[in-house]
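For reference, the structure discussed in these notes is given below.
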Amino acid sequence: MRVLVVGGGGREHALCWALRRDASDTIVFAAPGNPGTASLASNLPIAATAIDDLVAAVQQHDIDVTIVGPEAALAAGLVDRLRDAGRAVFGPTAAAARLESSKAYAKEVMRRAGVRTAASATFVGMGPALEYIGDHAEPLVVKASGLAAGKGAVVCQTRIDAANAVRAMLDGLLGDAGKEVLVEEFLEGEELSVLALTDGERILILPPAQDHKRLGEGDTGPNTGGMGAYCPVGLATEPLLARVRAEVFEPVLREVAAQGTPYEGVLYAGLMILKDGTPSVLEFNARFGDPETQVLLPALAPGFTEHLTAIAQRRWSPPPGLQVLSAERAAVTTVLAARGYPERPEKGSVITLPESELGDDVIVFHAGTSRDKEGALRTAGGRVLNVTGLGSTVPLAARASRAGAERISFEGKTWRRDVAWREIERAGAA
């Protein structure tokens with residue numbers, strides 16, 4: 001099989017890794033890929049949003065299945081174009097992907113479907129937004145409605161902070177993503193990332209993961225695209241996942257299908273598990289999470305990517321009664337970021353990556369790297385490397401991830417040493 005993975009980050013490196021793990025004779029292409037995917041796939045110098053060029057490449061290389069990684073490519077209609085060309089592709093259409101590309105649309109879908117989510121109001125004008133904030137309880141959350149690379153949600157402790165966040169977004173700080181903003185109530189609880197594969201009707205839930213969105217240890221500092229993740233999560237019991245299936249995935253998929261935009265691919269539900277155990281939706285993503293993918297794929301048993309190709313080729317038939325996939329082992333990934341991330345990450349630092357010294361329990365996924373003319377590996381993005389540790393338990397996987405992260409060096413390396421701290425505390429209390 002010839003498979004194209006669209007994207008050039010850590011998520012796409014993990015997808016290429018899983019494809020080759022599951023079937024070593026799979027011919028993998030990545031567009032644009034990165035130095036990590038280069039050892040597993042043929043990198044094509046095509047941007048993930050260059051839709052015409054990607055469609056042409058699929059035809060030229062006779063690709064059997066395309067797996068779309070980034071949200072921008074989905075929103076730009078890559079899946080629609082490939083389907084129109086008669087090509088198999090894993091991912092939702094642009095209309096279905098509005099669950100991620102428009103938070104305002106997602107809120108309306110949830111309202112119609114009766115799905116629990118934070119109370120919110122949507123604004124395109126400064127005056128009404130500031131007036132609403134003035135009467136809102138503290139703390140509160142301000143979100144850009146559009147795609148903001150994981151940086152469009154601001155938790156505001158005061159109304160003054162919220163007003164400043166709204167002004168910045170509506171004044172163009174996030175470009176088109178911030179032309180429409182949401183002001184939400186603040187929810188207290190524990191976050192959980194639950195992803196589900198679907199062909200529009202059937203649903204297969206993946207092992208839940210937990211992301212660490214804040215830059216600093218102890219969940220401090222600004223929101224980022226994610227500084228680490230782990231899987232499995234003790235909070236995610238079978239009864240909770242049954243509720244998520246019945247109260248989130250099933251009604252949302254029914255609603256979008258009723259609107260004429262059936263959803264195929266993977267749907268990511270970012271949840272807040274409230275103190276009473278109720279799941280409330282924070283956001284939807286229309287693709288695999290980053291960095292959740294970097295722990296989910298290594299934690300799953302070989303053969304997982306067959307689900308993706310089967311959904312793309314519209315021949316999926318998961319075993320009857322199988323509702324949730326189980327993790328075969330624990331995985332923890334630590335993100336090594338550049339100095340200045342997320343606002344102004346520094347680029348160009350030389351990376352020392354002694355892979356032979358990291359051990360069999362560590363996998364390094366490239367997220368923002370490049371090679372210079374001399375072949376030296378350099379930083380080329382905000383999130384540079386994902387260091388995934390494996391083990392029989394989350395504490396052991398976390399230890400492997402941190403040991404690997406310590407051995408890698410580049411100037412300005414920024415990382416959290418407490419990824420999976422909640423699960424480690426749970427394990428200690430057990």
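The values are calculated or read from the model by the stated rules, or taken from the named source; none is laboratory data. Only a predicted model underlies this, so the values are computations on that prediction, with no experimental measurement involved. Cβ coordinates were reconstructed from backbone atoms using ideal geometry, including for glycine residues, and neighbour counts include every protein chain displayed. To get the accessible areas, we keep the full protein, side chains included, count just its heavy atoms, and leave off ligands, DNA and RNA. Shrake-Rupley method; radii C 1.70, N 1.55, O 1.52, S 1.80 Å.
Of Phe186, Phe123, which has the most accessible area with a 1.4 Å probe, and how do the rest follow in descending order? Mind showing how you got there, number by number?
Numbers: Phe186 80, Phe123 25 Å².
Largest accessible area first, the residues go Phe186, Phe123.
For the chain, would you read off the P(r) tail past 35 Å as a percentage of all alpha carbon pairs?
Numbers: 22278 of 92235 pairs.
Above the 35 Å cut-off, the chain has 24 percent of its Cα pairs.
Could you order peptides 379-385, 128-134, 76-82 by the average number of other Cβ atoms within 10 Å of their residues, highest first? Each step should come with its number before you reach the end.
On the way: 379-385: 25.9, 128-134: 16.6, 76-82: 21.9.
Averaged packing, sorted descending, gives the order 379-385, 76-82, 128-134.
Among 27-33, 346-352, 7-13, how do they line up by average Cβ neighbours within 10 Å per residue, starting with the highest? Before the final figure, lay out each step's value.
Working: 27-33: 22.6, 346-352: 15.0, 7-13: 29.1.
Ranking the peptides 27-33, 346-352, 7-13 by packing returns 7-13, 27-33, 346-352.
With unit charges on the beta carbon (Lys/Arg positive, Asp/Glu negative), name the residue among Ile203, Phe186, Val115 whose Cα is farthest towards the positive pole of the charge dipole of the chain.
The residue sitting farthest along the positive end of the dipole is Ile203.
With all protein chains present and a 1.4 Å probe, how do Asp372, Asp52, Asp25 order by accessible area, largest first?
Values: Asp372 40, Asp52 100, Asp25 120 Å².
Ranked list, largest accessible area first: Asp25, Asp52, Asp372.
Taking the Cα centre of the range 178-330 as origin and charging only Cβ (+1 Lys, Arg; -1 Asp, Glu), how large is the dipole, in debye to the nearest 20? Walk me through the intermediate numbers first.
On the way: 12 positive and 22 negative charges, 100 e Å.
So the magnitude is around 480 debye.
In whole percent, what relative contact order does the chain give with Cα contacts below 8 Å and a gap of six or more residues?
Values: 1022 pairs, mean separation 69.3, N = 430.
It rounds to 16 percent for the chain.
Tell me which residues come under 5 Å, amide H to amide H, from Cys156 once H is placed; ignore anything under 5 positions away on its chain.
Residues meeting the amide H criterion: Leu140, Val141, Val142.
What number, rounded to the nearest 500 deg cm²/dmol, is the helix-based mean residue ellipticity at 222 nm of the chain, given -39500 (n - 2.57) per DSSP H run of at least four residues and division by all its residues?
Computed mean residue ellipticity for the chain: -8000 deg cm²/dmol.
Pick out, from Gly77, Trp17, Leu44, the residue whose Cα sits farthest towards the positive end of the charge dipole of the range 1-102, with +1 on the Cβ of Lys and Arg and -1 on the Cβ of Asp and Glu.
It is Trp17.
With a probe of 1.4 Å, find how much accessible area the range 300-414 has per residue, and write the answer as a whole number in Å². Could you put the intermediate results ahead of the total?
Details: 5400 Å² over 115 residues.
Computed with neighbouring chains in place, this is 47 Å² per residue.
³J(HN,Hα) across the range 133-148 via Karplus (A = 6.51, B = -1.76, C = 1.60, θ = phi - 60°), whole Hz, x for Gly/Pro?
Once rounded to whole Hz, the list reads 4, x, 9, 9, 5, 9, x, 8, 10, 10, 10, 6, 6, x, 6, 10.
Karplus couplings for the range 18-23 from phi (6.51 cos²θ - 1.76 cosθ + 1.60, θ = phi - 60°), rounded to Hz, Gly and Pro as x?
Result, rounded to whole Hz: 5, 4, 6, 5, 6, 8.
Roughly speaking, to the nearest percent, how much of the range 108-265's 1.4 Å accessible area is carbon and sulfur?
Details: 3360 of 6590 Å².
The C+S portion of the solvent-accessible surface of the range 108-265 is 51 percent.
About the Cα centre of the range 1-154, what is the dipole size in debye to 20, counting +1 per Lys and Arg Cβ and -1 per Asp and Glu Cβ, all else neutral?
Numbers: 15 positive and 15 negative charges, 67 e Å.
So the dipole magnitude of the range 1-154 works out to roughly 320 debye.
Using the crude model of +1 on Lys and Arg Cβ and -1 on Asp and Glu Cβ, and no other charge, please compute the dipole size for the chain relative to its Cα centre, in debye to 20. Display every interim value, and only then the final one.
Numbers: 44 positive and 53 negative charges, 49 e Å.
It comes to approximately 240 debye.
What are the residues whose amide H is under 5 Å from the amide H of Arg416, where those residues sit 5 or more places off or on another chain and H is modelled from the backbone?
Here Val335 satisfy the definition.
For the chain, with the dipole built from +1 on Lys and Arg beta-carbon atoms and -1 on Asp and Glu ones, taken about the Cα centre, which of Pro354, Leu235, Val68 lies farthest toward the positive end?
Most positive-ward Cα: Pro354.
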